[in-house]
Amino acid sequence: REKILSTRHRILDTLFFGRDPLKDFPAERFASDLQGWHSNHPYLTRAIEEVRPTIVVEVGVWKGASVVTMAKALQRLKLDAVVIAIDTWLGSSEHYLWEKFIPDMDFQFGYPRLYHKFASNICKEGVADYVVPLPLDSINAFQLLKEKGIRADVLHIDAGHDYLSVMADLKAWWPQLKPGGVLIGDDYFKKPLIGQGKWPEVRQAFDEFFASTPHTKFESSDGKCYVGKPA
C-alpha cells in the first residue's frame with residue numbers, strides 16, 4: 001500500500017505541506033452525482049495505458065467524472081501515480097449564462113458548492129488514494145506546479161470554452177507536459193460542412209496552436225482530441 005501511495009504522498013508534501021484535503025471528508029452527507037460530459041471517453045483510459053504515467057493533470061474538473069475514469073485506470077494498472085485535479089469549482093461563464101446549470105452549481109447564498117460534490121464523488125468511488133484536488137484557476141495552478149517542478153505525463157484540458165482561455169491554457173500547460181507525454185483536449189469537434197459546429201473557439205485555439213507546435217500525432221473523436229508530445 002505504501003508503495004502505491006508514494007507519489008501521492010510526495011505531491012501532498014509538495015503542494016499542501018503534507019496535509020491531505022480529502023482526509024476524513026464526510027462523503028455520506030452528499031448525494032452521488034457523477035454528471036459530466038465525455039467523462040468515459042476512451043482517450044482517457046488509452047492515455048493511461050499507453051503512457052503509464054506518474055503524474056496526471058486535469059485542468060477543469062467539474063464534478064470529477066473524468067478524474068474518476070483516469071484514477072480507476074491507474075488503480076487497475078496498480079501504478080504509483082496521482083491525478084492532480086485543478087479547478088476553482090466556481091463554474092465558468094456558460095454556467096452563469098444558461099439557467100439550466102443553476103441546479104448543478106448548487107448555490108448557497110450565491111456561492112457554488114461544486115467542490116463538495118467533487119470530493120464526495122472521489123471518496124465514494126474509492127479513488128481518493130489516487131487524487132489530489134488543487135482549488136486554483138488554470139494559470140495560477142500552472143505557476144504553482146512550474147515553481148514546484150511538477151510536470152505532467154498525461155494532461156487533460158477541459159476548462160474554458162472561449163478562444164482566449166483555451167489558447168492561454170495551451171500556451172501555459174504544453175511546456176509542462178513531459179516529452180513523450182499525451183495531451184487530451186475536451187470539446188474539440190470537427191468543423192461540419194455547414195455552420196460553425198459545437199464550441200468552435202475551442203477547435204480554433206487547438207488548430208492554431210498545433211499548426212505551429214511540433215507534435216507526434218493529432219487525433220480527434222467524439223468531442224476530444226489526442227495529441228502526442230515528441231520524446
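The values are calculated or read from the model by the stated rules, or taken from the named source; none is laboratory data. Bear in mind the structure is a predicted one, so any value in this text is a computation, not a measurement. Counting neighbours? That spans all protein chains shown, and the Cβs are built from the backbone with ideal geometry, glycine included. Note: accessible area is taken over every heavy atom of the protein model, side chains too, but ligands, DNA and RNA are not part of it. Shrake-Rupley method; radii C 1.70, N 1.55, O 1.52, S 1.80 Å.
Using beta carbons and a limit of 9 Å, which pairs, at least six apart or on different chains, have the first residue in region 105-122 and touching a residue at least 24 places away in the same chain (Cβ under 8 Å) and of a type in the set (Gly, Ala, Ser) and the second one assigned to a strand (DSSP E or B) and buried (at least 19 other Cβ atoms within 10 Å of the Cβ)?
119/133
Name the pairs whose Cβ atoms lie under 7 Å apart, with the first residue in region 67-96 and in contact (Cβ under 8 Å) with a residue 12 or more places away in the chain and under 11 Å from residue 127 (Cβ atoms), the second among the small types (Gly, Ala, Ser) and open to solvent by less than 40 Å² (accessible area, probe 1.4 Å), and 6 or more positions between them or separate chains?
Within 7 Å, the pairs are 67/85; 69/39; 74/81; 83/71; 85/64.
Are there any pairs, at least 6 apart or on different chains, whose C-beta atoms fall under 7 Å, with the first in region 204-231 and farther than 18 Å from residue 153 by Cβ and the second open to solvent by 70 Å² or more (accessible area, probe 1.4 Å), and if so, which?
220/190
Just the residues that are small (Gly, Ala, Ser) and buried (at least 24 other Cβ atoms within 10 Å of the Cβ), please, taken from region 36-72. Spell out the reasoning first.
Our first condition is that a residue be small (Gly, Ala, Ser); within region 36-72, this holds for 36, 39, 47, 60, 64-66, 71.
Matches in region 36-72: 47, 64, 66, 71.
Out of (1) open to solvent by 60 Å² or more (accessible area, probe 1.4 Å); (2) under 14 Å from the mean Cα position of the chain (by Cα), what's the single condition that is false for residue 212?
(2)
Would you call residue 187 under 18 Å from the mean Cα position of the chain (by Cα), modelled with pLDDT under 95 and closer than 19 Å to residue 219 by Cα? If you could, list the steps in order and put the result at the bottom.
Numbers: under 18 Å from the mean Cα position of the chain (by Cα): yes; modelled with pLDDT under 95: yes; closer than 19 Å to residue 219 by Cα: yes.
Yes.
Show me the helices (runs of 4 or more DSSP H) found entirely inside region 88-166 where at least 2 residues are surrounded by fewer than 22 Cβ atoms within 10 Å (Cβ to Cβ) and in contact with an Asp or Glu (Cβ under 9 Å, 6 or more places away or on another chain). I'd like the intermediate steps shown before the answer.
Numbers: elements: 93-97, 102-105, 114-124, 138-148.
It comes to 93-97, 114-124, 138-148.
What number of residues within region 39-60 are under 12 Å from the mean Cα position of the chain (by Cα) and at pLDDT below 95?
Qualifying residue count for the region: 2.
Being open to solvent by 70 Å² or more (accessible area, probe 1.4 Å), at pLDDT 95 or above and in a loop (DSSP other than H, G, I, E, B): is that true of residue 230 here? Talk me through it step by step, then tell me what you get.
Values: open to solvent by 70 Å² or more (accessible area, probe 1.4 Å): no; at pLDDT 95 or above: yes; in a loop (DSSP other than H, G, I, E, B): yes.
No; evaluated as a whole, the condition is false for this residue.
Would it be correct to say that residue 67 is outside any loop (DSSP other than H, G, I, E, B), over 24 Å from residue 199 (Cα atoms), within 14 Å of the chain's Cα centre (by Cα) and at pLDDT 95 or above? Reasoning before the result, please.
Numbers: outside any loop (DSSP other than H, G, I, E, B): yes; over 24 Å from residue 199 (Cα atoms): no; within 14 Å of the chain's Cα centre (by Cα): yes; at pLDDT 95 or above: yes.
Criteria not met by residue 67.
Name the pairs: first residue in region 6-18 and farther than 12 Å from residue 82 by Cβ and open to solvent by 20 Å² or more (accessible area, probe 1.4 Å), second residue part of a helix (DSSP H, G or I) and not small (Gly, Ala, Ser), Cβ to Cβ under 9 Å, at least 6 apart or on different chains?
Close Cβ pairs (under 9 Å, with a partner that is part of a helix (DSSP H, G or I) and not small (Gly, Ala, Ser)) amount to 18/9; 18/12.
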